[in-house]
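Have a look at the structure below before the remarks.
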Amino acid sequence: MARASTIGQVSIERVLAGYGGVARRSQLEAHGIRRAAIARAVAEGEVILVRKGVYALALVDPEVLTAARHGGEVACAGALRRHGVWILDDTDTHADADVESAAPSSRPHVWIGPSGRQHAHAACRCRTHHETGERGAGFGFVDVLLAMIQFACCASPEAFFVALESSLHLGLIGFASLRRLRGRLPQRLHELLDLADDRSESGLESPLKLRLRRRGIALASQVQIEGVGRVDFVLGGRIILEVDGRLNHDGASHRHKDLMRDARAAALGYETLRFDYAMIVHDWPTVLAAIEGRLAALGAVVQGASAVAQDR
Ligand SMILES: [Zn+2]
Ligand SMILES: [Zn+2]
């Protein structure tokens, strides 16, 4: 089908799509697209003039478009989300009120590189990132590793840790990348790199693990128990701790399965504690009190048992 914006087999839309939706005129021209064809596509509304000499598909991701207007790529939390990384709703979990929120509703974070030029545009609320990194085509969103470095600056340590473990679990970064991160991140975050592994599935497991470690409570994660299956955590060798995801644990059949699991675990001498997203994110003191209470009781039982054994 011949279209106004088509020259031979090459359409502006296709070339722009190849650049992630945004490209410079010089890049379009390098693919044989003439200025007249660009002007026609803009007039027809298929292509947007982002700023002088920069064009975007009309249907491009709005945050990518904003970043391009600003002069760079979507950075930080926005880039991590586009890579599929689990980001905590950290409006709830920021320890510091003055740490800028990385929640979806907040301002776009844009990377322009160390020497890139920031462009003025209407309704600009962008936060500009300047880290060193490979600037590819110049638009779109940054790679996972650079986004993690940026997120470490903008988010709470806990939110960073959650994103880090999610990236590891998804295989977006490997353990070699952790070494590279160590070289780029401040010392205070190195303990988080040591603690991170690729086993946390739900994204809620990561904050739980971090908070318990900080209370001196060691835990084993993703433990396979014969006759029960794989459980999220085991504490003190006796307490099973399960984290129910936000959406996937509703319904009677799930409840029945959970009860059956708990019964089988109880038969083996385990006690199961279950927490959901709302409890971990909004009511941590309740969760911690439950865990510490059970651990204390377990300690008493263990001591009592050994005292009985010694009496014999
Ligand atoms: Zn940022
Ligand atoms: Zn801006």
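Coordinate-derived values only; no laboratory data. Predicted model, so just to flag it, every value in this text is computed and none were measured. Using ideal geometry, Cβ is built from the backbone for each residue, glycine included, and neighbour counts are taken over all protein chains shown.
Here the chain carries DSSP beta bridges of which approximately 65% are antiparallel, counting only pairs with both residues inside. For the stretch 23-37, backbone phi angles converted through the Karplus equation (6.51, -1.76, 1.60; θ = phi - 60°) give residue-by-residue couplings of 8, 7, 4, 4, 5, 5, 5, 5, 9, x, 8, 8, 4, 4, 5 Hz, Gly and Pro being listed as x. Round to the nearest 10 and give me the degree value, 0 to 90, for the angle of helix 175-184's Cα axis relative to the longest principal axis of the chain. On a 0 to 90 degree scale, this one is about 70.
Peptide packing for 176-185, 32-41 was compared via the average number of neighbouring C-beta atoms within 10 Å per residue; ordered from the highest value, the list is 32-41, 176-185. The convex hull defined by the C-alpha atoms of the stretch 214-298 has an orientation-averaged projected area of 5.8 nm². Estimated from helices alone, the mean residue ellipticity of the chain at 222 nm is -13000 deg cm²/dmol (sum of -39500 (n - 2.57) over DSSP H runs with n ≥ 4, per residue).
For the stretch 167-246, report the translational diffusion coefficient in µm²/s to the nearest whole number, using Stokes-Einstein at 25 °C, 0.890 mPa s, and a Kirkwood Rh over Cα pairs.
176 µm²/s
The angle separating the long axis of helix 284-311 from the principal Cα axis of greatest extent in the chain is about 30 degrees.
Compared with the dominant principal axis of the Cα atoms in the chain, helix 252-267 is inclined by about 40°.
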